[in-house]
Amino acid sequence: MKKLFFTLFAVTFLTGTSLFACTNFLITKGASTDGSTMITYAADAHVMYGELYYWPAATWEDGAMLDVYEWDSGKHLGQIKQARQTYNVVGNMNEFQVAIGETTYGGRPELGTQSGAIMDYGSLIYIALQRSKTAREAIVVIAQLMEEYGYHSSGESFSIADKNEVWVMELIGKGEGEKGAVWVALRIPDGYVCAHANHARITTFPLANGKTSITSLDMGKIHDPKIECIYSHDVVSFAKSKSWYSGEDKNFSFSDTYAPVDFEAARFCEIRVWAFFREINSQMEQYKDYASGHNLKNRMPLWIKPDKKVSVYDLMNHMRNYLQGTEFDMTKDVGAGLHGCPYRWRPLTWEVDGKTYLNERATVTQQTGFSFVTQSRSWLPDAVGGIIWFGVDDAGSCVYAPMYSSMQRIPESYAVGNGSMMEFSWTSAFWIFNMVSNFGYLRYDLIHPEIYAKQQKLEKKYIQNTSAIDKAAAELYKTDPQLAIDFLTDFSVNTGNALVMEWKSFYEFLFLKYMDGNVKKVIPGQKNPEVVQPGYTEEWKRKIANDTGDKLLVP
């Protein structure tokens, strides 16, 4: 199993697909500073183009059908029955403040294909958002779609939030010869946070003979607030039929059965969960040996209680974790180069003299199409309460712009069709942010602090602005809901487009200042700037001298 898992893992990274490449953090109401529920998502892939999807609310005729296309490839998979009513969806959040993110874990390779299946993981997300008013309804929609139409993808972990609850749902297909998937969904206890990063994390779970669980055969109880666990009726029996598990049902572990952890799963995936957990809970250092891949029995808990509550601003910056403050910090070894860059170019593993080495896989990575932080806020009308803080490209150098989930058009700079992975556009947020980030990688220690300072200033400003926008929109909503939605739409669109124009000007400033290895400073009243040539650090000079011997020595 270990060899099979690693082979699939390595092939995925080499081919640049989105498998094993995303990170989700999940925050319950009681764990957030303002009572929001929040989830994050980074859509990481070498060929993922960052754009903000949009589906307007609609009413459909009886008998209408929906074409389903695989999210990763665009391949047409088939048709399903359209719902009578669908809801407004902005990115990964809908008008009722339901938000969904995912990470792919793959799991048992023999379950990775299912001939004739229509529902891939991306379609499950976006169709569920169009059909669900709560997180619980989204779980039901996902389960029913897989059961009726088959499951087309490999193992997935979903983050599903609404304005009151946050759930983690893990599923895997049944492979060839059987239809659908086996799955488990758990409600995260209020006051706790959860995370997943390309490895299944649900182990044991309460069974239906308890007071907090139901199976898929008893979905009528889905809205009972006492229900905290929902699972497919055959999640255990299916594993037993395949001889993957033979113990008592109560001891069944979803992850250990369908996606056993190995070195690669811990070091490339679980380490991102650990890095986030250790930043919010002082007790997590005890799991370092597990995160490093060297003590796989020391598994982390599925959720933890943070030492202090988490704000939306905090969460934005947690998405920028590069293992700083740990022994895995990528700025601390020679691979960081002269300028201390915490990024490593792929492939993820490499060989020298017959030995295999790895590059760390941190939360923040250069190959990100888009990422977001969602806020669902129960004290506001749904039209006002849902915000998807949306950024394109590398989370370390993006700016999360507020997009209200009731908005009825998308900023041109973020819209689908404005550029593509092989079509540059000067008005595309994705390309403008890539220009800044990629320039910053070249001299990270000098340029990135400027990017960080501007990023933080803008995000703080937007957070302050949305506080005022919330109040104005909520007041408008009392008398004219559509006017409130128009107001939020204009704010979101104008903010997004203005940000991209500002970031383009920022690139021009950085390019002028740092061109040709110099650092330039304008001198008022003079034509030419002051020029500083920072050269190399003493440490790097010494490395060059040691490597070249007397070749560069001046006699």
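Identify, by number, the condition in (1) charged (D, E, K, R); (2) within 20 Å of Gly155 (Cβ to Cβ); (3) in contact with a Ser or Thr (Cβ under 6 Å, 6 or more places away or on another chain); (4) surrounded by fewer than 21 Cβ atoms within 10 Å (Cβ to Cβ) that Glu228 doesn't meet.
(2)
Quick check, is Phe13 under 18 Å from Glu270 (Cα atoms), modelled with pLDDT under 95, under 21 Å from the mean Cα position of the chain (by Cα) and assigned to a helix (DSSP H, G or I)? Break it down into steps so the answer makes sense when it comes.
Working: under 18 Å from Glu270 (Cα atoms): yes; modelled with pLDDT under 95: yes; under 21 Å from the mean Cα position of the chain (by Cα): yes; assigned to a helix (DSSP H, G or I): yes.
Yes; evaluated as a whole, the condition is true for this residue.
With respect to Gln367, is the statement that it is in contact (Cβ under 8 Å) with a residue 60 or more places away in the chain, surrounded by fewer than 23 Cβ atoms within 10 Å (Cβ to Cβ) and polar (S, T, N, Q) true?
Working: in contact (Cβ under 8 Å) with a residue 60 or more places away in the chain: yes; surrounded by fewer than 23 Cβ atoms within 10 Å (Cβ to Cβ): yes; polar (S, T, N, Q): yes.
So Gln367 fits the description; yes.
Taking the range 162-177 on its own, how many of its residues are under 21 Å from the mean Cα position of the chain (by Cα) and part of a loop (DSSP other than H, G, I, E, B)?
The initial filter retains those residues of the range 162-177 that are under 21 Å from the mean Cα position of the chain (by Cα), namely 162-172.
Retained after the next criterion (residues that are part of a loop (DSSP other than H, G, I, E, B)): 162-165.
Residues meeting the conditions: 4.
When you scan the range 523-538, do you find a residue that is of a type in the set (Val, Ile, Thr), under 23 Å from Asn465 (Cβ atoms) and out of contact with any strand residue (DSSP E or B) (no Cβ under 8 Å at 6 or more places or on another chain), even just one?
Filtering the range 523-538 down to residues of a type in the set (Val, Ile, Thr) leaves 523, 531-532, 537.
From what is left, the residues that are under 23 Å from Asn465 (Cβ atoms) are none.
No.
Determine which member of the set Thr356, Thr365 is touching an Asp or Glu at 6+ places or on another chain (Cβ under 7 Å) and either under 22 Å from Met421 (Cα atoms) or assigned to a strand (DSSP E or B) (or both).
Values: Thr356 fails: touching an Asp or Glu at 6+ places or on another chain (Cβ under 7 Å).
Residue meeting the stated conditions: Thr365.
Taking Glu423, is it of a type in the set (Asp, Glu) and closer than 26 Å to Met48 by Cα?
Working: of a type in the set (Asp, Glu): yes; closer than 26 Å to Met48 by Cα: yes.
When the stated conditions are applied, Glu423 passes them.
Return the total of residues in the range 195-225 being touching a Ser or Thr at 6+ places or on another chain (Cβ under 8 Å) and in contact (Cβ under 8 Å) with a residue 60 or more places away in the chain.
11
From (1) outside the structural domain of Glu285 (by TED's automatic domain parsing); (2) farther than 30 Å from Lys471 by Cα; (3) within 18 Å of the chain's Cα centre (by Cα), pick out the condition that doesn't hold for Ile432.
Answer for Ile432: the failing condition is (3).
Which of the residues spanning the range 32-90 are acidic (Asp, Glu) and either assigned to a loop (DSSP other than H, G, I, E, B) or surrounded by 14 or more Cβ atoms within 10 Å (Cβ to Cβ) (or both)? Full working, then the answer.
Within the range 32-90, the first condition is being acidic (Asp, Glu), and the residues that meet it are 34, 44, 51, 61-62, 67, 70, 72.
The answer is Asp34, Asp44, Glu51, Glu61, Asp62, Glu70, Asp72.
Looking at Lys288, Lys250, which one is in the same structural domain as Ile160 (by TED's automatic domain parsing), among the basic types (Lys, Arg), over 25 Å from the mean Cα position of the chain (by Cα) and not in a strand (DSSP E or B)?
Numbers: Lys288 fails: over 25 Å from the mean Cα position of the chain (by Cα).
Exactly one of Lys288, Lys250 is in the same structural domain as Ile160 (by TED's automatic domain parsing), among the basic types (Lys, Arg), over 25 Å from the mean Cα position of the chain (by Cα) and not in a strand (DSSP E or B), namely Lys250.
Mind listing just one residue for me: the one in the range 91-122 that is assigned to a loop (DSSP other than H, G, I, E, B) and closer than 24 Å to Lys163 by Cβ and, of those, nearest to the chain's Cα centre (by Cα)?
So the first thing to find is which residues in the range 91-122 are assigned to a loop (DSSP other than H, G, I, E, B), and the list is 91-92, 95-98, 107-108, 112-118, 120.
If we keep only those that are closer than 24 Å to Lys163 by Cβ too, we end up with 91-92, 95-98.
Numbers: Gly91: 12, Asn92: 11, Glu95: 20, Phe96: 21, Gln97: 17, Val98: 16 Å.
Across the range 91-122, the extreme among qualifying residues is Asn92.
Select from the range 470-495 the residues that are surrounded by 16 or more Cβ atoms within 10 Å (Cβ to Cβ) and free of Cβ contacts under 8 Å to residues at least 40 places away in the same chain and write down the one among them that is nearest to Pro411 (Cα to Cα).
Within the range 470-495, the match that is nearest to Pro411 (Cα to Cα) is Phe487.
Anything in the range 411-429 that is touching an Asp or Glu at 6+ places or on another chain (Cβ under 9 Å) and not in a strand (DSSP E or B)? List them, or say none.
Tyr414, Val416, Gly417, Asn418, Gly419, Thr427, Ser428, Ala429, listed by residue number.
Output the residues belonging to the range 317-347 that are aliphatic (A, V, I, L, M) and under 26 Å from Ser282 (Cα atoms).
Pass one, the range 317-347, residues aliphatic (A, V, I, L, M): 319, 323, 330, 334, 336, 338.
The answer is Met319, Leu323, Met330.
Here's a check for you: in the range 318-350, which residue that is touching a strand residue (DSSP E or B) at 6+ places or on another chain (Cβ under 7 Å) and not polar (S, T, N, Q) is surrounded by the fewest Cβ atoms within 10 Å (Cβ to Cβ)?
Quick first cut of the range 318-350, residues touching a strand residue (DSSP E or B) at 6+ places or on another chain (Cβ under 7 Å) only: 318-319, 348-350.
From the residues that got through so far, the ones that are not polar (S, T, N, Q) too are 318-319, 348, 350.
Numbers: His318: 23, Met319: 24, Leu348: 18, Trp350: 13.
Across the range 318-350, the extreme among qualifying residues is Trp350.
Going by the conditions given, is Ser159 under 19 Å from Asp72 (Cα atoms) and assigned to a loop (DSSP other than H, G, I, E, B)? If you could, list the steps in order and put the result at the bottom.
On the way: under 19 Å from Asp72 (Cα atoms): yes; assigned to a loop (DSSP other than H, G, I, E, B): no.
No.
Could you run through the range 153-184 and say how many residues are in contact with a His (Cβ under 6 Å, 6 or more places away or on another chain) and basic (Lys, Arg)? It would help to see each step written out before you state the result.
So in the range 153-184, the residues in contact with a His (Cβ under 6 Å, 6 or more places away or on another chain) come out as 157.
Okay, now just the ones that are also basic (Lys, Arg), so none.
Residues that pass the stated criteria total 0.
The values are calculated or read from the model by the stated rules, or taken from the named source; none is laboratory data. Note that the structure is predicted; figures quoted are calculated from it, not measured. Here Cβ is always computed from backbone atoms with ideal geometry, including for glycine, and neighbour counts include all displayed protein chains.
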